Amino acid sequence: VQRLVVKIGTSSLIHPNGKINLQAIDQLSYTLTGLVNEGKQVILVSSGAIGVGMGQLGLTKRPREIQAQQALASIGQSELMTVYQQRFAVYGQKISQILLTHDVLDFPESREHVHHTMEQLLEWGVIPVVNENDTVAVDELDHRTRFGDNDQLSAIVATRSNADLLVMLSDIDGFYTKNPHKFADAKLIDVLHEITEDSVRRAGGAGTELGTGGMVTKLKAAQSILANNKMMVLANGANPSIIFKIMNNEPIGTLFV
Ligand code: ADP
């Protein structure tokens, strides 16, 4: 693996009490810097802006109004980048911010610009930190057009940047035969070669209060990764240094290949 995209979910970045998980961010910064120093090119897709914004304002419930969510994203995004900037700087790693919306990636000209910018950053050994531009994304009418807590966005970024691997970090060890939070007899699936209707059924409903993607959007991401003959690993982001093990080809989480 030469180029990888790492996607980290809200549930891995924010404690249940609403505080930023600084330890996870520190581990992530340490790990991704290590990979860059080994000569890998790394793109980070980070969720969490709305959650961090909620923490800043002391909100415990995600507001329903779109404008409140977008305002929280605006607050949280800059706070989140500040934390990333600080933690990565400790390890001497440069990062940048790229905020994307669907139309940017649908429109060939802006898509090209994103592509070239990304290539330039990677060539310079910078880690681009990508997120959906929540403040301008207008998807009140149809939530299915959103990137789904960045799961789909990370798959798009991975395929467009021709990355060999997408590592998706969540609050769960991988994809199970059923939701392990509901069924004690759920079993971890080590490898999956295709996403069938049966897989989607196993993914059940939505995710957590903070996370918005759930397992279904992760499977959709896996589906487009597989369609492009790339690999994806879904693993637990509780300790992001797990990425070192994944890069060592250790059997971690669920491998989609
Ligand atoms: P993130 O915030 O990391 O994107 P989500 O909370 O959105 O994570 O999605 C992960 C959740 O999906 C799990 O914690 C679990 O509750 C739920 N889930 C539903 N079905 C499954 C399954 N078959 N295997 C694993 N997790 C599942």
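Evaluated against (1) within 14 Å of the ligand (Cβ to nearest atom); (2) in contact (Cβ under 8 Å) with a residue 12 or more places away in the chain, GLY55 falls short on exactly one condition, (1).
Determine, yes or no, whether LEU35 is within 16 Å of the ligand (Cβ to nearest atom) and in contact with a Phe, Trp or Tyr (Cβ under 9 Å, 6 or more places away or on another chain). Against the criterion (within 16 Å of the ligand (Cβ to nearest atom) and in contact with a Phe, Trp or Tyr (Cβ under 9 Å, 6 or more places away or on another chain)), LEU35 does not qualify. Quick check on the stretch 36-53: of everything there that is modelled with pLDDT of 95 or more and either of a type in the set (Ser, Thr, Tyr) or in contact with a helix residue (DSSP H, G or I) (Cβ under 7 Å, 6 or more places away or on another chain) (or both), which residue is surrounded by the most Cβ atoms within 10 Å (Cβ to Cβ)? Per the criteria, the residue is VAL45. One residue is enough: does the stretch 191-198 have a residue meeting the conditions within 15 Å of GLY214 (Cα to Cα) and either modelled with pLDDT under 95 or within 8 Å of the ligand (Cβ to nearest atom) (or both)? There is no residue in the stretch 191-198 that is within 15 Å of GLY214 (Cα to Cα) and either modelled with pLDDT under 95 or within 8 Å of the ligand (Cβ to nearest atom) (or both). Of everything in the stretch 214-232 that is of a type in the set (S, T, N, Q) and farther than 9 Å from PHE256 by Cβ, the residue that is most open to solvent (accessible area, probe 1.4 Å) is ASN229. Which ones in the stretch 54-74 are in contact with a helix residue (DSSP H, G or I) (Cβ under 8 Å, 6 or more places away or on another chain), assigned to a helix (DSSP H, G or I) and either polar (S, T, N, Q) or crowded, with 18+ Cβ neighbours inside 10 Å (or both)? Residues satisfying the conditions are MET54, GLY55, GLN56, GLN69, LEU72, ALA73, SER74. From the list MET247, MET168, the one residue that fits, being more than 14 Å from the ligand (Cβ to nearest atom) and surrounded by 15 or more Cβ atoms within 10 Å (Cβ to Cβ), is MET247. Within the stretch 78-123, restricting attention to residues that are touching a Gly at 6+ places or on another chain (Cβ under 8 Å) and assigned to a helix (DSSP H, G or I), the residue that is most open to solvent (accessible area, probe 1.4 Å) is GLU79. Every condition in (1) open to solvent by 50 Å² or more (accessible area, probe 1.4 Å); (2) within 16 Å of the ligand (Cβ to nearest atom); (3) at pLDDT below 95 holds for GLN152 except the one numbered (1). With the structure loaded, tell me whether LEU28 is away from the ligand (no atom under 16 Å from the Cβ), among the aliphatic types (A, V, I, L, M) and either touching a Phe, Trp or Tyr at 6+ places or on another chain (Cβ under 6 Å) or touching a residue at least 60 places away in the same chain (Cβ under 8 Å) (or both) or whether it fails that test. So LEU28 does not fit the description; no.
Table: residues versus (1) in a helix (DSSP H, G or I); (2) modelled with pLDDT of 95 or more; (3) closer than 30 Å to GLY34 by Cα.
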residue	(1), (2), (3)
ASP139	no, no, no
ASN162	no, yes, yes
HIS181	no, no, no
ALA186	no, yes, no
ALA206	no, no, no
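The values are calculated or read from the model by the stated rules, or taken from the named source; none is laboratory data. Predicted model, so just to flag it, every value in this text is computed and none were measured. FYI the Cβ positions are ideal-geometry reconstructions off the backbone, even for glycines, and counts take in every protein chain you see. Just so you know, the surface numbers come from the protein's heavy atoms only, side chains and all, with ligands and any DNA or RNA stripped out. Shrake-Rupley method; radii C 1.70, N 1.55, O 1.52, S 1.80 Å.
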